[in-house]
Amino acid sequence: MAAAASSLARRAVSCRRLLLSRAFAAAAARPAKRVLVPVAAGTEPVEAAATADVLNRAGARVTVATVAFAPAGDEGLLVEAAYGVKLVADARVADLEGEAFDLIALPGGMPGSTNLRECKVLEKMVKMHAEKGELYGAICAAPAVTLAHWGMLKGLKATCYPSFMEKFTAEVIPVNSRVVVDRNVVTSQGPGTAIEFALALVEQLYDKEKMEEVAGPLYVRPQHGAEYTSEELNSVEWKCSGTPQVLVPVANGSEEIEALNLIDVLRRAGANVTVASVEDTLQIVTRRHKFNLIADMMLDEAAKMEFDLIVMPGGLSGAQKFASTDKLVDLLKKQAGSGKPYGAICASPAHVLEPHGLLKGKKATAFPPMAHLLTDQSLCENRVVIDGNLITSRAPGTATEFALAIVEKLFGREKAVSIAKEFVFM
């Protein structure tokens with residue numbers, strides 16, 4: 001009897017393994033969902049990056065395409081996004097006409113939304129896409145400036161950047177919510193709601209289970225729209241002689257949501273942000289979407305300058321590159337040794353600061369699955385930790401809070417709250 005039961009158990013396990021194997025094979029055989037994220041001069045970079053990053057995490061095949069037309073012989077893929085961010089698109093919208101997508105998602109920003117609106121090829125593509133009942137969406141200014149102008153929100157509930165709500169045409173039912181889903185359209189309010197927007201798109205494109213699977217490792221805020229908070233110990237004033245000079249190093253594999261939140265938020269606040277590549281070229285390829293970002297200068301050039309703050313995005317391979325870049329490590333040690341502010345988010349506290357002794361005697365936090373690498377893990381559950389001249393944070397979902405906490409230290413609470421509201425973060 002026992003032998004028969006054991007044999008049945010073995011067969012059950014084998015059956016389960018076979019079913020799982022078939023399920024995985026079937027999933028692998030299904031073509032990935034195709035997503036188009038059109039961009040233009042003046043596009044809000046955080047919104048574009050968050051949409052591309054989160055949908056890529058869900059397994060979608062994301063194409064970032066510029067609406068700009070290029071002269072003959074020129075690929076014309078360089079995009080001058082808002083706040084001085086330069087990125088390289090994957091393709092041009094004009095070359096994608098006739099291709100089928102499962103989702104078209106428009107980032108906002110001005111004049112980015114206007115530039116999207118004026119692209120006749122994009123307008124035709126989105127209208128044909130909608131006629132087939134496919135999913136589409138827009139965030140920030142784009143719902144009012146672009147979709148409503150094209151007549152694509154008639155009779156639908158929608159939201160947009162708060163100061164653009166009055167620009168909705170009479171056929172739109174305006175709703176003052178962070179994200180609105182009505183039939184096959186998803187709309188949202190601004191850079192501070194970009195991850196929520198992207199997760200809503202994942203849920204509509206796939207299902208709730210997939211959305212929750214993607215949301216977990218982002219460590220999004222439990223209460224959207226609430227005031228940001230940070231844990232501060234050994235408070236010191238972060239002194240600057242004038243306009244704060246900030247260095248944001250980037251590498252292949254840097255996390256785009258984290259890097260672009262730092263650049264965008266700090267430039268909005270009035271800091272002079274220098275984005276420096278630690279690679280051999282100015283163009284770097286970020287972690288998730290293979291988002292192509294153009295740095296302002298090479299690290300060798302930046303190393304000749306003085307900075308009030310050096311702050312690193314995460315992304316495991318990017319952090320590992322930072323840790324092996326002697327010039328950057330030397331700059332960080334000099335910064336810390338002189339009592340000047342420095343910081344890191346996600347993988348970088350564990351893979352850069354900790355192994356180089358830059359967390360000695362300091363409290364810090366890091367990406368939760370890597371927090372065990374910190375010698376002192378006592379404050380790892382906090383989303384942002386400030387200890388004297390050091391600031392650390394956890395993940396893409398804490399990147400805006402991280403950037404706002406830096407603004408508060410450099411410019412004061414009033415300025416940080418103003419930026420948070422402008423960002424539609426709180």
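Exposed (fewer than 12 other Cβ atoms within 10 Å of the Cβ) and modelled with pLDDT under 95: does that describe Ala2? First the steps, then the outcome.
On the way: exposed (fewer than 12 other Cβ atoms within 10 Å of the Cβ): yes; modelled with pLDDT under 95: yes.
Yes.
For the stretch 371-387, the tally of residues that are open to solvent by 10 Å² or more (accessible area, probe 1.4 Å) and in contact (Cβ under 8 Å) with a residue 24 or more places away in the chain stands at 3.
Take the conditions free of Cβ contacts under 8 Å to residues at least 60 places away in the same chain, in a loop (DSSP other than H, G, I, E, B) and touching a Cys at 6+ places or on another chain (Cβ under 9 Å) and apply them to Ala366. Does it pass?
On the way: free of Cβ contacts under 8 Å to residues at least 60 places away in the same chain: yes; in a loop (DSSP other than H, G, I, E, B): yes; touching a Cys at 6+ places or on another chain (Cβ under 9 Å): yes.
Yes.
Look at the stretch 116-141: where a residue is closer than 12 Å to Val67 by Cβ and a partner is surrounded by 24 or more Cβ atoms within 10 Å (Cβ to Cβ) and among the small types (Gly, Ala, Ser), sitting 6+ places away or on another chain with Cβ atoms under 8 Å, you get Leu116/Ala40; Leu116/Ala142; Cys119/Ala40.
Note on the stretch 43-59: residues that are open to solvent by less than 10 Å² (accessible area, probe 1.4 Å) and not in a helix (DSSP H, G or I) total 3. With respect to the conditions (1) modelled with pLDDT of 95 or more; (2) closer than 16 Å to Gly343 by Cα, Ser230 lacks only one, and its number is (1).
Tallying residues that are outside any loop (DSSP other than H, G, I, E, B) and in contact (Cβ under 8 Å) with a residue 24 or more places away in the chain within the stretch 249-298 yields 28.
For the criterion of being in contact with a helix residue (DSSP H, G or I) (Cβ under 8 Å, 6 or more places away or on another chain) and hydrophobic (A, V, I, L, M, F, W, C), Leu156 fails. Within the stretch 301-328, residues that are open to solvent by less than 10 Å² (accessible area, probe 1.4 Å) sit with their Cβ atoms under 7 Å from residues that are among the basic types (Lys, Arg), at 6+ positions apart or across chains, in these pairs: Gly315/Arg287; Gly318/Arg287.
Can you tell which of Thr286, Thr281 is modelled with pLDDT under 95 and assigned by the TED database to the domain that holds Ser241? Break it down into steps so the answer makes sense when it comes.
Working: Thr281 fails: modelled with pLDDT under 95.
Of the residues listed, the single one that is modelled with pLDDT under 95 and assigned by the TED database to the domain that holds Ser241 is Thr286.
For Phe197, state whether it is assigned to a helix (DSSP H, G or I) and within 30 Å of Tyr219 (Cβ to Cβ).
Details: assigned to a helix (DSSP H, G or I): yes; within 30 Å of Tyr219 (Cβ to Cβ): yes.
Yes: the conditions hold for Phe197.
Of the listed requirements (1) over 28 Å from Glu47 (Cβ atoms); (2) free of Cβ contacts under 8 Å to residues at least 12 places away in the same chain, Gly412 misses just one: (1). In the stretch 196-228, what residues are surrounded by fewer than 18 Cβ atoms within 10 Å (Cβ to Cβ), over 12 Å from Gly397 (Cβ atoms) and within 18 Å of the chain's Cα centre (by Cα)? Scanning the stretch 196-228 gives Glu212, Glu213, Gly225.
Scanning the stretch 101-128 for residues that are open to solvent by less than 10 Å² (accessible area, probe 1.4 Å) and part of a helix (DSSP H, G or I) returns Gly112, Ser113, Leu116, Leu122, Val126. Within the stretch 239-263, the residues that satisfy the criterion of being buried (at least 20 other Cβ atoms within 10 Å of the Cβ) and either among the hydrophobic types (A, V, I, L, M, F, W, C) or in contact with a Cys (Cβ under 9 Å, 6 or more places away or on another chain) (or both) are Val246, Leu247, Val248, Val250, Ala251, Glu255, Ile257, Glu258, Ala259, Leu260, Leu262, Ile263. For the stretch 81-90, name all the residues that are open to solvent by 20 Å² or more (accessible area, probe 1.4 Å) and either in the same structural domain as Ile263 (by the TED database) or not in a loop (DSSP other than H, G, I, E, B) (or both). Scanning the stretch 81-90 gives Tyr83, Gly84, Lys86, Val88.
Quick one: is Ala138 open to solvent by less than 70 Å² (accessible area, probe 1.4 Å) and either over 14 Å from Ala194 (Cα atoms) or in a strand (DSSP E or B) (or both)? Spell out the reasoning first.
On the way: open to solvent by less than 70 Å² (accessible area, probe 1.4 Å): yes; either over 14 Å from Ala194 (Cα atoms) or in a strand (DSSP E or B) (or both): yes.
Yes; evaluated as a whole, the condition is true for this residue.
Kindly indicate whether any position in the stretch 404-422 is closer than 18 Å to Leu233 by Cβ and part of a strand (DSSP E or B). Looking for residues that are closer than 18 Å to Leu233 by Cβ and part of a strand (DSSP E or B), one finds none in the stretch 404-422, hence no. Within the stretch 394-406, residues that are over 7 Å from Ile345 (Cβ atoms) sit with their Cβ atoms under 6 Å from residues that are surrounded by fewer than 24 Cβ atoms within 10 Å (Cβ to Cβ) and of a type in the set (S, T, N, Q), at 6+ positions apart or across chains, in these pairs: Ala405/Ser230.
With respect to (1) crowded, with 17+ Cβ neighbours inside 10 Å; (2) at pLDDT below 95; (3) within 14 Å of Asn292 (Cβ to Cβ), the lone exception for Thr66 is condition (2).
The values are calculated or read from the model by the stated rules, or taken from the named source; none is laboratory data. Only a predicted model underlies this, so the values are computations on that prediction, with no experimental measurement involved. Glycine gets a Cβ as well: all are built from the backbone with ideal geometry, and neighbour counts include every protein chain shown. The area values use the complete protein model at the heavy-atom level, side chains included, leaving out ligands, DNA and RNA. Shrake-Rupley method; radii C 1.70, N 1.55, O 1.52, S 1.80 Å.
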